[in-house]
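As structure tokens, the structure follows; a few thoughts come after it.
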Amino acid sequence: MNVIVTSARSTSNAVRSHPFPVLEAGNISFPKGRYTLEFILNQDRTSFKLRHRIAGANLISRLLSTGKARYVCTVSSPISSYRRTHVSSEALHTIDWDLDDLGEPPLFTPMIVGIEDLPDCLLSAREDGVHEIWDMTRVSIPKGSRLALGQVIQFQSSILHLMSLQVDEGLSAGQFYVDAETEHGFQFRVSLHPELHQFLQIPRNDGIRRHIMTHIVTACLALLQREFQQDPENGSLPRNLDSFRDFLKNDGLPDWSESRFRPEEVATKLYPHVLPTEWERAGS
Amino acid sequence: MTGEGVQQFDDAALGQLRRELIKGKRGGERQRTFLKAVRNGEDFLHKIRARVSVQGAIEPPLCPERLTEAEFKQPPKSTEEAMYGVWSHLTPRTACRTAFWTNLTCRHIENGRIEASFLAGSGGVSASGAERIDRALKATGDRAAKAVDGCVRTVLRRLGGLPEARGNRSVYVDCPLSRAWWRERLVDEVSKGDEEVAGRVREVSRINQAYWEELVVLVVSRNSILGSSEVRNQFILCVANLFEETNNETPLRIAKNLRAACRTVGVIQASRELSVLSADELHDILYEVVRYHHDLRSTRGSDG
């Protein structure tokens, strides 16, 4: 399970001005507001369960409990022009997609959305949890208004679906380690220093993120070689690990039970290091 | 015809080849050799196939007829519809890949449906691709490097898209085969099988290349803002209806005015998730935007 928290006190370069209070990173409209999202990945790689939790933003909580707001998550793949909105009245809902619609690992944007026009809403700092600048202000909240907005998330690819990224505050800056969790299916539990964890949550296509992920994947594969070279005594691997083995075979790659399996070679085949071109080197 | 099995080029090797061609010396030997190969046709296919392997087993069908250079550059409506008919079972997952369309274009050359030199033809009624290559290779002085580089980029764009220079929209707008697919898919999505609406939407999508690029930006580059299919389809439908109501006498037929209307929708979407609205509510908001820009904009100006 991955947990992501968005709070007003988080920093953001994307703070916008809205005609009503919004709980989003860097926006002080709800000073004590916290929007927590739990992602529970399913083994089929085409769905996950998402749980939304709102705290410190009574206005939003009240609109949710009275049915005037809904839990929403958009799934998009701009490259293939795909975007679908999942709307739920339950805080825990399933988000799914069809791989044939996507040209890349999908992007997910969780949010809370108002589903009724609220033309004359008198705000109260004490009762609604809004900042004093909104106190006793009348606002109009039109249908479709985003009341809380989470970070855009992208699960990058197959082996990354097997990973659960966790914060370990005991680690030094830039440090990480990998463990295996086998209780419910199989997962690599990747423990990371908080800043490193935060850095990897946000999708971007830069070289540093790629190199870090290649390093983590190498460590995950080394763990498989070290601890799963022999099949379990009952003869069956967890289903998602079995699928990953098929995935490697389909790509013509050895699996961890074979003597020719080299973790770094497989990792850099799946996620090759990308060097700057001659042109980029000349420009640097 | 789903994603995994359909034949396409190895994406990494193809990307490397494109980068070498456009990021090396402008007008240098590498670019000149490439253009000579395109002019020759067969050399071009050898050159590509020697560098880039093909993945997947399922061969997508080819256009049934041989295309003239003019038909390839700017396929008529009927040709685009026929192309989409042949490839209608492709999935967006496949159709958004330059590696897929580049391989398919090469197969069209291999099977005599088009000639490699067509790839160098620029838009409009200017010289043929072969003439353009010859001129570029014969050019001297300062103009030579620019002409050769421009020609190489045109070839790569027509071949399957040039994302390194033109971003993700390239596959939608630059390659005639993929452009036909995406254009007809949009018509399909918006019209939902209504032939009359399909005709109107087809008009909107085919005003000119600049207009098509604006529509593509709407679905690709600004997908996060107004890309949801409900908003996108309703917006295009509102534009199509406006064209009909005004007998095509609307400033919204000019690409820059369409862009301005899209921006207004983007501003509304900054605070609101319009895709949760009902179709009627969405129509009311988007039609108001379209009508506002119709009334506001002058009919003067053109896309150039």
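List of remarks:
- Within the stretch B:79-128, restricting attention to residues that are hydroxyl-bearing (Ser, Thr, Tyr), surrounded by fewer than 21 Cβ atoms within 10 Å (Cβ to Cβ) and over 21 Å from residue B:189 (Cα atoms), the residue that is modelled with the lowest pLDDT is B:126.
- Extreme residue, nearest to the other protein chains (Cβ to nearest Cβ), among residues of the stretch A:100-119 that are in a strand (DSSP E or B) and among the β-branched types (Val, Ile, Thr): A:113
- Number of the condition not met by residue B:213 [criteria: (1) over 30 Å from residue B:16 (Cα atoms); (2) touching a residue at least 24 places away in the same chain (Cβ under 8 Å)]: (1)
- The set of residues in the stretch A:71-99 that are at the interface with chain B (Cβ under 7 Å from one of its Cβ atoms) and touching a residue at least 40 places away in the same chain (Cβ under 8 Å) comprises A:72, A:99.
- Residue in the stretch A:35-44 that is surrounded by fewer than 21 Cβ atoms within 10 Å (Cβ to Cβ), within 14 Å of another protein chain (Cβ to nearest Cβ) and closer than 18 Å to residue A:6 by Cβ present: no
- Residue in the stretch B:263-280 that is modelled with the lowest pLDDT, counting only those that are at the interface with another protein chain (Cβ under 7 Å from one of its Cβ atoms), within 18 Å of residue A:20 (Cα to Cα) and not in a loop (DSSP other than H, G, I, E, B): B:270
- In this entry, residue A:60 passes the filter for residues that are of a type outside the set (Gly, Ala, Ser), more than 30 Å from residue B:217 (Cα to Cα), away from every other protein chain (no Cβ under 11 Å) and in contact (Cβ under 8 Å) with a residue 24 or more places away in the chain.
Here is a yes/no grid of residues against (1) of a type in the set (Gly, Ala, Ser); (2) touching a Ser or Thr at 6+ places or on another chain (Cβ under 7 Å):
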site: A:76; (1), (2): yes, yes
site: A:81; (1), (2): yes, no
site: A:95; (1), (2): no, yes
site: A:105; (1), (2): no, yes
site: A:109; (1), (2): no, yes
site: A:112; (1), (2): no, no
site: A:117; (1), (2): no, no
site: A:135; (1), (2): no, yes
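- Options A:19, A:110; residue that is modelled with pLDDT of 90 or more, at negative phi, surrounded by fewer than 16 Cβ atoms within 10 Å (Cβ to Cβ) and not aromatic (Phe, Trp, Tyr): A:19
- The residues of the stretch B:79-137 that are within 14 Å of chain A (Cβ to nearest Cβ), assigned to a helix (DSSP H, G or I) and of a type in the set (Ser, Thr, Tyr), listed by number, are B:94, B:98.
- Given (1) without any contact (Cβ under 8 Å) to a residue 24 or more places away in the chain; (2) over 29 Å from residue B:208 (Cβ atoms); (3) assigned to a loop (DSSP other than H, G, I, E, B), number of the condition residue B:27 does not satisfy: (1)
- Helices (runs of 4 or more DSSP H) contained entirely in the stretch A:202-275, each with at least 2 residues that are of a type in the set (Asp, Glu) and at pLDDT 90 or above: A:263-270
The values are calculated or read from the model by the stated rules, or taken from the named source; none is laboratory data. Every value quoted in this text rests on a predicted model; they were computed, and no experiment measured them. Glycine gets a Cβ as well: all are built from the backbone with ideal geometry, and neighbour counts include every protein chain shown.
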